[in-house]
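A.B. asks: Below you will find the structure I want to go over with you.
Values quoted throughout were computed directly from the atomic coordinates according to the rules given, and no laboratory measurement underlies them. Because the structure is predicted, anything quoted here is derived from the model rather than measured. Virtual Cβ from ideal backbone geometry, glycine too; neighbours counted across all protein chains shown.
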Amino acid sequence: MTDTDAHLPGIMSGDAQAFARWMRVAEPEVRVSLRRFAASVDAEAVVQEALLRVWQVAPRFQADGRPNGLLRLSVRIAHNLAVSETRKRRDVALGEDGLEARLNQLASAEGVHHGDPHLRRAIHGCKEKLPAQPAKALNARLSSEGGLADADLAEGVGMKLNTFLQNFSRARKLLAECLRKAGVDIEAELA
Amino acid sequence: MNTPEENEVLIAAVTSAYRARDVDGKLRIHPNWHDLDDEGRREAFDASFQVRRLESALDDDGENSTIKAVIARIHAGR
């Protein structure tokens, strides 16, 4: 397993593509670390905000000699954002939440999840089996790269918003089912 | 209380990586996230994780829509 800090020199020098390569591993780790807050914060907004903050502070980052330093920092930033958002919305006591234990796991190069290696091989065959309308909704989302609202995407493919979302949901479930039959569990990292 | 069909549509909406910005430039919570109850929000969290894994696997560079949205914000000066 590779230490994600291998990307640090590029990131610290302002190379956004190096940051993108780092995020391929870091983004799922940051997202999974927020599962405890799933009912109290919009995790997508927190993940993106945390990653943007990491990019801003990265030039001043000082490694502590252990692996995955920037990843551990990003998990901590996301955690702090989630705690802050939770306190704004709910009067809840936030006790021990396993953050330190997870950070310790990430302090070894083997502590990072890299997903199922069979997923990439299996998914294209599954996507080809999708019915036309769900495939259209999925392709619209994929090509938008997170830059357009669903209302705009729906209009672009000639669907009502509700129909677009129903088709997208169907595509997701059909892909997951097809992958399960191929022996790939894409939610294993959430367990 | 949402029907299962309503929940399905709300969850599909929340799985989008698109988030609008407020006047201070801060990312806004997806409006449909507010319409889900706690259980629906947990389902949306898991569905979003699943969608990002699928997106990464379908992308030649392994980059999902969250990563692309963050890179776009960086190039746009946030």
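A.B. asks: Hey, could you get me the Stokes-Einstein D for the protein assembly as shown, Kirkwood radius over alpha-carbon pairs, 10 °C and 1.306 mPa s, rounded to whole µm² s⁻¹?
C.D. replies: Estimated diffusion coefficient is 84 µm²/s.
A.B. asks: Excluding same-chain residues fewer than 8 positions from A:Lys136, which lysines have a Cα within less than 19 Å of its Cα?
C.D. replies: Within the straight-line limit of under 19 Å, A:Lys136 reaches these lysines: A:Lys127, A:Lys160, A:Lys173.
A.B. asks: How would region A:39-188 be classified by its alpha-carbon gyration tensor: rounded, prolate or oblate, with rounded meaning a/c under 1.5 and the a/b versus b/c comparison settling the rest? Let's see the in-between values first.
C.D. replies: Details: a/c = 2.14, a/b = 1.56, b/c = 1.37.
Cα axes put region A:39-188 in the prolate bin.
A.B. asks: Here is a further query. Going highest first, how would you order B:58-70, B:28-40 by mean Cβ packing within 10 Å?
C.D. replies: Values: B:58-70: 20.5, B:28-40: 16.2.
Going from most to least packed, we get B:58-70, B:28-40.
A.B. asks: Using the Karplus equation 6.51 cos²θ - 1.76 cosθ + 1.60 (θ = phi - 60°), what ³J(HN,Hα) coupling, rounded to whole Hz, does each residue of region A:129-146 give in order, writing x for Gly and Pro?
C.D. replies: Running phi through 6.51 cos²θ - 1.76 cosθ + 1.60 with θ = phi - 60° gives 8, 5, x, 4, 5, x, 5, 5, 5, 4, 4, 5, 4, 4, 6, 6, 6, x Hz.
A.B. asks: Follow-up question, since we're still on this one. Just need the relative contact order of region A:4-111 here, percent rounded to a whole number, with Cα pairs under 8 Å and 6+ apart. Don't jump to the answer; show the numbers that get you there.
C.D. replies: Values: 103 pairs, mean separation 35.1, N = 108.
RCO, region A:4-111: 32 percent.
A.B. asks: A follow-up question, please. Average the reciprocal distances over every distinct pair of alpha-carbons in region A:4-111, invert the result, and give the Kirkwood radius in Å.
C.D. replies: Result for region A:4-111, one decimal place: 14.2 Å.
A.B. asks: List the aspartates and glutamates whose Cα lies under 12 Å from the Cα of A:Lys129, skipping any in the same chain that are fewer than 8 positions away.
C.D. replies: List returned: A:Glu177.
A.B. asks: Would you tell me the mean number of C-beta atoms belonging to other protein chains that fall within 10 Å of each C-beta in A:124-135, as a whole number?
C.D. replies: 1
A.B. asks: Also: Grab the other residues whose beta carbon is less than 14 angstrom from that of A:Leu8, score K and R as +1, D and E as -1, and report the net.
C.D. replies: With Lys, Arg at +1 and Asp, Glu at -1, the neighbours total 0.
A.B. asks: Using only helices, what value at 222 nm comes out for chain A when you add -39,500 (n - 2.57) per DSSP H run of length 4 or more and divide by the total residues, to the nearest 500 deg cm²/dmol?
C.D. replies: -19500 deg cm²/dmol
A.B. asks: Another question, then. How high is the relative contact order of chain B, in percent, counting Cα pairs under 8 Å that sit 6 or more residues apart?
C.D. replies: Here the relative contact order equals 29 percent.
A.B. asks: Along the principal axes of its C-alpha atoms, what lengths does region A:119-190 span, in descending order and rounded to whole Å?
C.D. replies: 36, 23, 18
A.B. asks: Could you pull out the trypsin sites (Lys or Arg not before Pro) across region A:137-177 that fall in loop regions by DSSP (anything but H, G, I, E, B) with no more than 14 other Cβ atoms inside 10 Å?
C.D. replies: Sparse-neighbourhood loop trypsin sites (Lys or Arg not before Pro): A:Lys160.
A.B. asks: Students often forget the sequence filter, so: which lysines lie under 20 Å Cα-Cα from B:Lys26 once same-chain residues fewer than 8 apart are removed?
C.D. replies: A:Lys88, B:Lys68
A.B. asks: Put +1 on the Cβ of each Lys and Arg and -1 on the Cβ of each Asp and Glu in the protein assembly as shown; which of A:Leu138, B:Ile67, A:Gly14 then has its Cα farthest toward the positive end of the dipole?
C.D. replies: Looking along the dipole axis, the top candidate is A:Gly14.
A.B. asks: How far is the Cα center of region B:43-78 from the Cα center of region A:24-71, in Å?
C.D. replies: Between the Cα centre of region B:43-78 and that of region A:24-71, the gap is 14 Å.
A.B. asks: Could you tell me what % of all Cα pairs in chain B have separations over 15 Å?
C.D. replies: Summing the P(r) tail past 15 Å for chain B gives 61 percent.
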